[in-house]
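The values are calculated or read from the model by the stated rules, or taken from the named source; none is laboratory data. Model, not experiment: these values are computed from the prediction. Cβ sites come from the backbone with ideal geometry, for glycine too, and all protein chains shown count toward neighbours. Just the protein is used for accessible areas: all its heavy atoms, side chains included, with ligands, DNA and RNA removed. Shrake-Rupley method; radii C 1.70, N 1.55, O 1.52, S 1.80 Å.
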Amino acid sequence: MPGSHRTERNARKSKNLLESWLYSVWAKPSSKLCFIFWSVVSLLLYANTLSNDYALDDVNIIRNQQVQKGIAGIPALFTQASLPSGVEGYQAPYYRPFTLATFALEANLGRRAAPTLSHGTNIFLYGCILFFAYALLAEYFFPHRPIIAFIAIVLFALHPIHTEVVANLKSRDELLSLLGGILFLWSIFRSLSKDSTGSTIFYQSTALLALTGALLSKENAIYFPFLLPLSLYFFSPLSFKKIIKLSTPWLALVGIYLALRAALLGIYPPILASNPLFDRFHAVSIEIEYATLLYFFAKYWIMIIFPYPLCADYSYYHFSHFNFQNFQVWLSVLLLSMGFLYSLVQFKDRSPIAFGLIWFNFTLLLVSNWIIDMGGAVAERFLFLPSLGACVALANSLWHGYQWCRLQKLTYLSPIIWGISIFAVGLDIRLVWARNKEWKNNNTLFLADVQKSPNNVHLNHAAGATYLMFAKRQSLPLPKRNLYLDSAAYFLQRALVLYPNYAKAHCDLGRVYFQKQEWHNAEKELTHALNLDSTLHLAWFNLGSLYAQNKNYSKAIYALQKAVSLQPNALNYRYNLGLTYLRANELLEAEKNFEYIIKVNPFYPQAQAAYLKTVLTLADTLIAKAEYLQAKQYLQKAIRMQPMAIELKFKLAKVATQNQEYELARAVYESILQVVPQNSQALQELAKLRK
C-alpha cells in the first residue's frame, strides 16, 4: 500500500539521519554536532541547578569588592590575592583572578539574573570540558578505539562526585582550571598531528593561552605541564628525548608563574587555627597523622567507585583518627601498593590503565595533605581533576573485560553487562539530580548533610543555626517557632557534646535560649562563648541585648560597646546601643549613635524614629530646666525630620516666646497658618505677639 511504503521510507530516512548523527558524534570528536551533544548532556544533568541560590562559600566570591564593581573591577583582580583573609580557621593566599573575572563579567551582564546566570555558566563550562576531553581522548589517546574514549567521558560526565563542582559556584575555579588544562593538552597534540588543519604556531599559541588561563583560575593547573610528557609518552610515537625537549618550555612556564605569584603575594605557608576543628592533627602523634592520611588517600579511590553518600563537609569529627593498628589503614596500604606496582610494571608497555592510575594518584597528591595542608580532611571537589584519570583507567578495564567475555564466548553475560550498565547510568543520573537539589542553598545543604554525617561538628552547628534562623522568621505560629527552637537546641547541643570548646556553638545556643526567654541559660552560654573567644561580636551583641531586656543597662551598654568596637560597620549593633542609652536616659550618647547611623544610612526608619524620640526627650528635658536656647535647637532638628508636624511647631514657637525670640515665634505661627489657614490657636498666639 502507498501509505505503508511512505512510512517505511520515512523510517529508513529517520534511521539514516540517526546513524549519520551518531557517526558525527563518534567519528568526528571535534565537530560542532559533538559539541552540541556534550553540551546537551551537561544541561540534562545539571538543569535543575538553574533554580538554585548561592550556597556554602559562594557568598565569599559574590561579595568580593572588585567583583561587585563588574568590568571596572577586573584589572584590580589581577594585582591582589583572590581571598586575602582565607576562610575560617584556615589562611592561605589564593591567586585566582581569572575565575573572579568571570563573576565580575556576570555582575555587569545580568545582576538581576544572578545566580541563575552563574549556574548556567557552570553548566556551559562543564559541557565544554566534556567536549574537549572527549576530543583529546578520541582523537589522540584512543584514535582506533573511540568507544573507550566515549565510555571514559560518559563515566566522567555522570559521576555524582562532580556535583560539588558544578552546583557550587565557588568551584568554578575547578571548572576553568580543568578546561584550560584539557585544551592545553589537546592543542599540543593537535600541533603535533600530521593531519592538523591549522598551523603549528596557532595551536602552540592556543596551548599557551589555555595554560595561562588555567593557572590564573586555580593553582592546581601546575599539574598539566607535568601531565604533558606523561601523555606524550603513553599516546604518541615520540622518543623520550623529543618528549623532554618539547615539554621543557612548558615546565619553565610553571616556574615563571610561581615566581610571579610569589612576587605578588609573597610566600606564606598555610596557617591553621590551633584547634581540632580546623587542624585535624592538632596535638596528635606523627604515627596517627600519617596513618590517617593513608586512609584518606584510599578513601578518595573508594569515593570514585562508590560515590555515596556525598557530603559538603568532611571535617571534625566526620572521620576518626587512625593508627597502624587499624586494619583500614593496612587495607589502604595494600590497595595503594597494588596500584603503584601495576603502574610500575605496565609503564614500559604504555598501558592506558597504568596511565589512568598515574594521572589519578599524581594529581591527587598535592591536595591530599601530604605536601600542602589544604585545610580539610577530604573534599569532593579535589577529585575533579584526578577523576578523569580514574575514568580512563575504568573505561579501559571495562573494555578489556568485555573483550575477554567475547573471546571466551560468554555470550550469556552480554545482556547482564548491558543491564548493569543501564542501571548504573540511571542510578548516577538520579544521584546527580538529587544532590543538585540539596545544593539549592545553605539550608537544604546543611539539613541534608547533617543526616549523612551526624558526628560532624560543623554540620551540627550549621543545622542548629539554620533552625534558629527559621525560628526568627516573622509571622511564624508559636508551635512551629518552638519546634524550630527545639531542633536548633538539639543540633547545637550535639555539636557541643562532640567538641565542648566550640565558641560559636555556645553563642548560637545562647541565642536559642534568648528566643525562648530562658535568660539564665542564655547568659550562661553567651558568657561561656566569650570566655572561649572574646572576639565573637555576635555573642557580645546578644549578651548586651539580654541585659537590656532585663533592664541591666550598665552591663548592656558595656557588652554592646564591645560588639560595636568589633564590628563598627554593623548598624544594627549601633542601633541597639543607641536604644539602650535612650532607655538608660543617657540621651546625648543615644543621640550620637543615632546620628551616626542616619549619616551612614539615611533610609534606616527605626533609627530615624529613635533619633526623633531622643531629640524630643532632650528638648523636653531642657525646657523643664528653662534652657530654652538649647531646647530650640533640638526642636528645630525634630522639625527638619518632620516638617509637617504642627504640634512640634507650636512647641518651638512657645520656646521662642519664652526666650523672647518674638520674630522666630511669629515666623513659626505663620508657617502653621500656611498649612492650616484657619487654625484658631495659631491665630490667637499670632495676635498676642502683634500686640
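Defining a contact as two alpha carbons under 8 Å apart and six or more residues distant in sequence, what relative contact order in percent does the chain show?
In percent, rounded to a whole number, it is 10.
Using only the alpha-carbon atoms, how far is helix 200-215 inclined from the longest principal axis of the chain? Give it as 0 to 90 degrees, nearest 10.
40 degrees
Per residue, how big is the convex hull around the C-alpha atoms of region 589-688? Give it to me in cubic angstrom, could you?
So the per-residue hull volume is 97 Å³.
Enter the Cα centre distance for the pair region 118-180 and region 390-446, rounded to the nearest angstrom.
Going from one Cα centre to the other spans 16 Å.
So what's the angle, to the nearest 10 degrees on a 0 to 90 scale, between helix 628-641 and the longest Cα principal axis of the chain?
The angle comes out near 40 degrees.
Under 13 Å Cα-Cα from Lys218, which aspartates and glutamates qualify once same-chain neighbours fewer than 8 residues away are excluded?
Asp173, Glu174
Rounded, prolate or oblate for region 169-253? Axes are the square roots of the Cα gyration tensor eigenvalues, ordered a ≥ b ≥ c, and the cut-off for rounded is a/c under 1.5.
prolate
Using only the Cα atoms of the chain, build the gyration tensor, take square roots of its eigenvalues as a ≥ b ≥ c, and label the shape rounded, prolate or oblate: rounded if a/c is under 1.5, else prolate if a/b is larger than b/c, else oblate.
Verdict is prolate for the chain.
Find the eigenvalues of the gyration tensor of the Cα atoms of region 395-527, then list the square roots of 5 times those eigenvalues as equivalent ellipsoid semi-axes, largest first, in whole angstrom.
51, 17, 9
List the residues whose amide H sits under 5 Å from the amide H of Ala645, counting only those 5 or more places along or on another chain, with H placed 1.01 Å from N in the peptide plane.
none
Can you tell me how much longer the chain between Phe240 and Leu208 gets when fully stretched, taken as 0.36 nm per residue apart minus their C-alpha distance, in nm with one decimal?
9.3 nm
Subtract the Cα-Cα distance of Met644 and Phe226 from 0.36 nm times their separation in residues, and report this length gain in nm to one decimal.
Here the segment from Met644 to Phe226 would lengthen by 143.0 nm.
Can you give the log10 of the normalised intensity I(q)/I(0) at q = 0.15 Å⁻¹, computed with Debye over equal Cα scatterers of region 457-578?
-0.65
Could you tell me how many degrees, from 0 to 90 and to the nearest 10, lie between the Cα long axis of helix 327-347 and the main elongation axis, the longest principal axis, of the Cα atoms of the chain?
50 degrees
Taking just the alpha-carbon atoms of region 493-547, what radius of gyration and Dmax come out, in angstrom?
10.0, 30
Going through region 601-676, which chymotrypsin sites (Phe, Trp or Tyr not before Pro) have at most 12 other Cβ atoms within 10 Å and a DSSP loop state?
Answer by residue number: Phe603.
Quick one: with all protein chains in place, what share of the accessible area of region 639-691 is carbon or sulfur, to the nearest percent (1.4 Å probe)?
For region 639-691, the apolar C and S fraction of the accessible surface comes to 50 percent.
Are any of the pairs Lys28/Lys241; Lys437/Lys516; Lys480/Lys562; Lys170/Lys472 more than 30 Å apart by Cα-Cα distance, and if so, which?
Long pairs (Cα-Cα over 30 Å): Lys28/Lys241; Lys437/Lys516; Lys480/Lys562.
Carbon and sulfur together cover what percent of the accessible area of region 111-176 at a 1.4 Å probe radius?
The nonpolar share, carbon plus sulfur, comes to 66 percent.
Test of understanding: express the Cα radius of gyration of region 570-611 as a ratio to 2.2 N^0.38 Å, with N the residue count.
0.98
List the relative contact order of region 597-637 as a percent without decimals, with contacts defined as Cα pairs under 8 Å and 6+ residues apart.
31 percent
What ranking of Glu139, Glu174 comes out by heavy-atom accessible area, probe 1.4 Å, highest first?
The residues order as Glu139, Glu174, largest area first.
So what J values fall out for region 614-624 if you push phi through Karplus, 6.51 cos²θ - 1.76 cosθ + 1.60 with θ = phi - 60°, rounded to Hz, Gly and Pro as x?
After applying 6.51 cos²θ - 1.76 cosθ + 1.60, I find 5, 4, 5, 5, 4, 4, 5, 5, 6, 5, 4 Hz.
Please state the shape class of region 291-447: rounded when a/c is under 1.5, otherwise prolate if a/b exceeds b/c and oblate if not, all from the C-alpha gyration tensor.
Oblate, because a/c is 1.5 or more while a/b does not exceed b/c.
Suppose accessible area is computed on protein heavy atoms with a 1.4 Å probe; arrange Trp330, Trp399 from highest to lowest.
Final ranking, largest accessible area leading: Trp330, Trp399.
To the nearest 0.05, what FRET efficiency results for Asn572 and Lys524 with a Förster distance of 30 Å applied to their C-beta separation?
Between Asn572 and Lys524 the formula returns 0.80.
Okay, helix-only estimate at 222 nm for the chain: each DSSP H run of n ≥ 4 adds -39500 (n - 2.57), divide by all residues, round to 500 deg cm²/dmol; what do you get?
That comes out to -23000 deg cm²/dmol.
Mind listing the long-range amide H neighbours of Asn52? Cut-off is under 5 Å, sequence gap 5 or more, other chains count too, H placed in the peptide plane at 1.01 Å from N.
Correct list: empty.
For the chain, build the charge dipole from Cβ charges (+1 Lys, Arg; -1 Asp, Glu) around the Cα centre, then report which of Ala584, Ser343, Ile353 sits farthest towards its positive end.
Sorting the options by dipole projection puts first Ile353.
Starting from the residue with the highest accessible area, list Arg350, Arg63, Arg435 in decreasing order, probe 1.4 Å.
Greatest to least solvent exposure: Arg63, Arg350, Arg435.
Tell me, Kirkwood radius of region 283-372 from alpha-carbon pair distances, in Å?
That comes to 14.4 Å for region 283-372.
Below 20 Å, Cα to Cα, which aspartates and glutamates can Lys625 reach? Residues fewer than 8 away in the same chain don't count.
Glu586, Glu589, Glu591, Glu661
For Cα pairs less than 8 Å apart in space and 6+ apart in sequence, what is the mean separation divided by the residue count of region 408-511, i.e. the relative contact order in percent?
Relative contact order of region 408-511: 20 percent.
Give me the accessible area per residue for the chain, probe 1.4 Å, as a whole number in Å².
Value for the chain: 50 Å² per residue.
Once the convex hull of the alpha carbons of region 442-502 is built, what does its volume come to per residue, in cubic angstrom?
71 Å³
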